[in-house]
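Here's the structure we're looking at; comments come further down.
The values are calculated or read from the model by the stated rules, or taken from the named source; none is laboratory data. Computed from a prediction, not measured in an experiment: that's the story for all the values here. Cβ placement follows ideal geometry from the backbone for every residue including glycine, while neighbour counts extend to all protein chains displayed. Heavy atoms of the whole protein, side chains included, go into the accessibility calculation; ligands, DNA and RNA do not. Shrake-Rupley method; radii C 1.70, N 1.55, O 1.52, S 1.80 Å.
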Amino acid sequence: MLPTLLAAALPLLVSGSPAKRATVPSELFAKEIPAKVSATASSVMDTAPNFSYPHTTSSNSGVWQLEVADWWTSGFFPATAYLVNARAELCGATADNGLDAADWLALGRAMSAGLAPLEDHTTQGHDVGFLSFPFIEELKVNPDNETAKTGVNKFANALAARFNPTVGCTRSWDSSDADEFQVIIDNMMNLEVLFQSAALTGNDTLVDIAISHANTTMANHIREDGGTWHVIVYSASTGEVTAKHTAQGYSDDSTWSRGQAWAIYGFANMYAHTGITDYLTTARRLADYFISNIPSDGIVPWDFNAPTADRPADTSAATTASTGLLLLSQHETDDSLASKYSDAAIQILSDTTAFAWQPSWNSILSNGTVNVPQGNSRTGIVYGDYYYILAGTELVNMGLASC
Ligand SMILES: *[C@@H]1O[C@H](CO)[C@@H](O)[C@H](O)[C@H]1NC(C)=O
Ligand SMILES: *[C@@H]1O[C@H](CO)[C@@H](O)[C@H](O)[C@H]1NC(C)=O
Ligand SMILES: *[C@@H]1O[C@H](CO)[C@@H](O)[C@H](O)[C@H]1NC(C)=O
Ligand SMILES: *[C@@H]1O[C@H](CO)[C@@H](O)[C@H](O)[C@H]1NC(C)=O
Ligand SMILES: *[C@@H]1O[C@H](CO)[C@@H](O)[C@H](O)[C@H]1NC(C)=O
């Protein structure tokens, strides 16, 4: 029955009144963004020389909770200062747009200083990809900065040391059972640091590791319907898959929305670096799943399959997916799909802004979910804000918005 029903429904959808097209929300370029980044940077700078960085806000008052430098999210805020610097270069820094509020590059550099010691002794294991973000940003501004180069290379080698050729992946969480080799979908985001370091050093082994990790993930993490498992467990000694389950999602069979967002971005990025067509088709499948599973209210839930009653949203999944969709759109070889994915990104940003733009909070957005199983949702999140700002800037770069 289903195919017939679908076939009957499709022409109606296509020939009916054209879908309402979302417009880019003006909040993406509002003065509140640089004002909040500047205020947060002051509180980070107050903690020098032992820096602390924002991760999440308290859920009711929207006040940032600072974390020590040795934490997986601490790279995002210094990297945010670099994003605002790039925005100021692109749009001009004026009192009107608020981008004249600080010397963003100086702030990004000063706040990054607290991260450099981590390259030799982080306890964050696989999360070195995120920790390297401000160093990658510094190299876009000054390709000769030795501190930043060293940071990228050491973080990349730390990740490479977690690669197991039998499995074909880098290890995510460590386990007390040495044969239990866990890989989370989030780790598609780490692969960028391998490409960056390979470009600096010419060490192509790092690229080979990235491709192997992506291929193995493509084979095992993605379901028929384009949804994803959060955690795949391999045997470290044989490389066989021994379990597929969730850690942060609703159930082993559900699709955790932020994992799906990491995957969209990760595979679009792999395609951008390698031109391997399978990465493009995989990114499309992941994107199509995300887009078609957003409920009609436009609110991205923390897990697409969690029961709808009192289901928290996850605005960080929404903004990460938006940025991933824009990256996919930029590299898409089919023009109509390129428009489809950028339109979807704009729709998600518009719907997310409508319910989660939060002028009275320290964070830009509310309604992020850090971890439902740990009881942590309805907060601001530093990486949700980071991808929100990045999406706005990319829309300008793509000619789809003006500053
Ligand atoms: C910074 O941390 C180090 C090591 O924990 C400690 O010895 C030092 O007193 C701290 N400095 C400040 C200003 O808190
Ligand atoms: C070089 O980069 C590091 C880390 O990103 C930064 O802390 C430092 O200020 C930069 N140095 C200069 C001279 O710009
Ligand atoms: C390239 O990177 C790999 C992985 O970190 C490392 O084992 C190897 O020694 C590096 N090669 C060179 C020539 O530095
Ligand atoms: C990765 O996958 C691509 C495309 O599916 C294939 O061409 C390539 O040989 C694979 N590389 C490795 C190391 O598995
Ligand atoms: C957004 O968060 C507020 C609390 O900060 C909550 O009252 C509201 O229900 C949340 N909205 C959604 C759609 O989750």
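Observations
- The residue list Thr238, Thr277, Thr281, Thr242 contains one member that is within 21 Å of Phe163 (Cα to Cα), out of contact with any strand residue (DSSP E or B) (no Cβ under 7 Å at 6 or more places or on another chain) and open to solvent by 30 Å² or more (accessible area, probe 1.4 Å), which is Thr238.
- Qualifying residue in the range 229-240 (condition: within 16 Å of ligand 4 (Cβ to nearest atom) and of a type outside the set (Asp, Glu)): yes
- Filter result (out of contact with any Ser or Thr (no Cβ under 8 Å at 6 or more places or on another chain), among the acidic types (Asp, Glu) and in contact (Cβ under 8 Å) with a residue 24 or more places away in the chain) within the range 166-191: Asp174
- So Ser212, is it small (Gly, Ala, Ser) and either in a loop (DSSP other than H, G, I, E, B) or buried (at least 23 other Cβ atoms within 10 Å of the Cβ) (or both): no
- Residue that is farthest from Ala199 (Cα to Cα) [pool: residues in the range 89-144 that are surrounded by 15 or more Cβ atoms within 10 Å (Cβ to Cβ) and polar (S, T, N, Q)]: Asn97
Residue-wise test of (1) more than 29 Å from Ile276 (Cβ to Cβ); (2) within 16 Å of ligand 4 (Cβ to nearest atom); (3) touching a His at 6+ places or on another chain (Cβ under 9 Å); (4) open to solvent by less than 20 Å² (accessible area, probe 1.4 Å).
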residue: Thr323; (1), (2), (3), (4): no, no, no, yes
residue: Gln330; (1), (2), (3), (4): no, no, no, no
residue: Ser339; (1), (2), (3), (4): no, no, no, no
residue: Ile346; (1), (2), (3), (4): no, no, no, yes
residue: Thr352; (1), (2), (3), (4): yes, no, no, yes
residue: Ser366; (1), (2), (3), (4): yes, no, no, yes
residue: Gly392; (1), (2), (3), (4): yes, no, no, yes
residue: Met398; (1), (2), (3), (4): no, no, no, no
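- Count - residues of the range 247-274 that are within 14 Å of ligand 4 (Cβ to nearest atom) and either of a type in the set (S, T, N, Q) or open to solvent by less than 10 Å² (accessible area, probe 1.4 Å) (or both): 3
- Subset of the range 131-179 [of a type in the set (Asp, Glu), in contact with a helix residue (DSSP H, G or I) (Cβ under 9 Å, 6 or more places away or on another chain) and part of a loop (DSSP other than H, G, I, E, B)]: Asp174
- Within the range 208-223, restricting attention to residues that are touching a residue at least 24 places away in the same chain (Cβ under 8 Å) and among the hydrophobic types (A, V, I, L, M, F, W, C), the residue that is nearest to ligand 4 (Cβ to nearest atom) is Ile211.
- In the range 223-235, the residues that are open to solvent by 20 Å² or more (accessible area, probe 1.4 Å) and either within 16 Å of ligand 5 (Cβ to nearest atom) or hydrophobic (A, V, I, L, M, F, W, C) (or both): Trp229
- For the range 304-331, the candidate set comprises residues that are touching a strand residue (DSSP E or B) at 6+ places or on another chain (Cβ under 7 Å) and not in a helix (DSSP H, G or I); within that set, the residue that is farthest from ligand 3 (Cβ to nearest atom) is Arg311.
- Test for Tyr383: is it in contact with a strand residue (DSSP E or B) (Cβ under 9 Å, 6 or more places away or on another chain) and more than 15 Å from ligand 5 (Cβ to nearest atom): yes
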